[in-house]
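Trainee: First, the structure itself, so that you have it in front of you.
The values are calculated or read from the model by the stated rules, or taken from the named source; none is laboratory data. The model shown is predicted, which means the values in this text are computed figures rather than measured ones. Neighbour counts run over all protein chains shown; Cβ positions are idealised from the backbone, glycine included. Surface accessibility is based on the protein's heavy atoms, side chains included, excluding ligands, DNA and RNA. Shrake-Rupley method; radii C 1.70, N 1.55, O 1.52, S 1.80 Å.
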Amino acid sequence: MKLHNIDRLSKEEIFGGKVIASYRQWLKKHHQETKGYDYRADMAVITHYLQNIDYPEGNLYRNEALPLLKKYYRAAHPDFYENDEPSFEQIKELFSEIYAAPVHTRHRGNNAFTFVDLFAGIGGFRIALEQLGGRCVYASEFDSSAQKSYGFNHGVMPFGDITKQENKNRIPNDVDVLCAGFPCQPFSLAGLRKGFSDEKKGTLFYDLRDIIAAKQPRIILLENVQGLLSIHNKDEEGNSLPEKTIDTILSILRDELHYYVQKPEVLNAKNFGVPQNRNRVFIVGFRERQEEDYHYPTGEGIPDVHFGAIRENGIVDTRYYMSNRYWQTLLRHKTAQRNQGRGYGYRIISDDDFGHTLMVGGMGLERNLVKDPANLNVNYVVDPRGELNHDHIRVLTERECARMQGFPDYFEILQGKTPSYKQFGNSVAIPVVKEVARSLLEYAEMNYLLIE
């Protein structure tokens, strides 16, 4: 932020951290502490307040937000008289870019029900529930890169570390739906499979338990990898115990929290209009049980969507095409794997097929390669990686990854390839969450508005 009067902060200044230097300078000038200053926490309070200002939940953030808003306004207006008070309209204008966020612009004004978005990533749950008319009253995400993408698109900076009591206290009471795609790494078949013995991530479920106990949402909607159903808890030395991790989770939800929780269900995204073969386990619970049993949606009646429907229409930049050297390595590797009786290797998606599960890191991109001869420059371009392959094999673009998860094209992609692939790979398949959420609302006899 420049050191002259500014009436409106850009989204980069709000969510990208560019207010830090000038605000610290203002703090020093006024003899205030700058050590440990966390602008993201400030922006979370401010943006949550401004987006909920017309609703009762806004009062939860008001006392924290107002002093911060005045401080940031004074920092943005260094010639503002010390004894004068800026009007609230002046202050609100400074942060008005949060209302121009592309997803928020489309979904603003929905208020059929309320929900909180925990372990929010880039907002897949949020989009699904807002498309049903819901209003998000709280979001939390620890990863700074995902926080930025979330802010740019939804106009809200998610709160950070959910293990901090101060962040738990900021969650409104008695919300309608609590969503949580709680961290999948410790429970993944591809990971260390430490379950609740993992000190950094496994125990986050206990924080989730504490939040549910304190806030008493009417509905809980949880999502995780399918491997959660098969892993076992570990002892302190890392040895497997007889009890499965999923049994611990269900016991907490049913016996400690007294929620009506049906048997978890594995749903495949390809059955819900998503061009991806992606199995995920859903766990749902209700504070009040209805007369009839709850049944998960099956996707029946939803037409299949294949990869051809979401692939890039135009010419894709050569940077997405594999180098010839790397492509030849993949060919040799797959042959070697086949000779050893293994099926691992790259996979090329055809237009009339489903994509394979988007995966984060490693060689996950090789599971979804595309043969795309549209860019003729591939045969001639000089690339820093060397000669490009003449079979015209490329990886997915960031937009294709977004579409593979059901993200609308108005979702703004900010990051480069690597962080974007990670963010979309870690996200949820939006159409699946939307159908599950709709079935939960109908079961609980709650209103919703299908806006998209």
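Trainee: Among the residues of region 148-161, count how many are assigned to a helix (DSSP H, G or I) and open to solvent by less than 10 Å² (accessible area, probe 1.4 Å).
Mentor: 5
Trainee: Could I ask something else about it? Taking Ser230 as meeting all but one of (1) among the small types (Gly, Ala, Ser); (2) over 30 Å from Asn52 (Cα atoms); (3) touching a Gly at 6+ places or on another chain (Cβ under 8 Å); (4) at pLDDT 85 or above, write down the number of the exception.
Mentor: (3)
Trainee: Follow-up. Within region 277-297, identify whether any single residue is outside any strand (DSSP E or B), under 23 Å from Glu223 (Cα atoms) and among the hydrophobic types (A, V, I, L, M, F, W, C), and answer yes or no.
Mentor: No, there is no match, as no residue in region 277-297 is outside any strand (DSSP E or B), under 23 Å from Glu223 (Cα atoms) and among the hydrophobic types (A, V, I, L, M, F, W, C).
Trainee: Hey, can you tell me all the residues within region 146-164 that are touching a strand residue (DSSP E or B) at 6+ places or on another chain (Cβ under 9 Å) and among the hydroxyl-bearing types (Ser, Thr, Tyr)?
Mentor: Tyr150
Trainee: How about region 300-319: which of its residues are closer than 21 Å to Val382 by Cα and either among the acidic types (Asp, Glu) or modelled with pLDDT of 95 or more (or both)?
Mentor: Ile315, Val316, Asp317, Thr318
Trainee: While we're on this one: In this structure, does Phe115 turn out to be farther than 12 Å from Gln51 by Cβ, touching a residue at least 24 places away in the same chain (Cβ under 8 Å) and part of a helix (DSSP H, G or I)?
Mentor: no
Trainee: Would it be correct to say that Asp117 is open to solvent by 10 Å² or more (accessible area, probe 1.4 Å) and under 17 Å from the mean Cα position of the chain (by Cα)?
Mentor: Answer is no for this residue.
Trainee: Here is a further query. Can you list residue pairs whose Cβ atoms sit under 9 Å apart, with the first residue in region 305-316 being over 12 Å from Gln276 (Cα atoms) and the second being part of a loop (DSSP other than H, G, I, E, B) and among the charged types (D, E, K, R)? Count only pairs 6 or more apart in sequence or on different chains.
Mentor: Arg311/Asp351; Arg311/Asp372; Glu312/Asp372; Ile315/Asp372; Val316/Asp372
Trainee: Considering region 316-339 alone, what residues qualify as being within 15 Å of Asp372 (Cβ to Cβ) and either basic (Lys, Arg) or loosely packed, with under 12 Cβ neighbours inside 10 Å (or both)?
Mentor: Result: Arg319, single match.
Trainee: If you don't mind, another one. Quickly run through region 55-88 and pick out the residues that are hydroxyl-bearing (Ser, Thr, Tyr), within 27 Å of Val137 (Cβ to Cβ) and not in a helix (DSSP H, G or I).
Mentor: Scanning region 55-88 gives Tyr55, Ser87.
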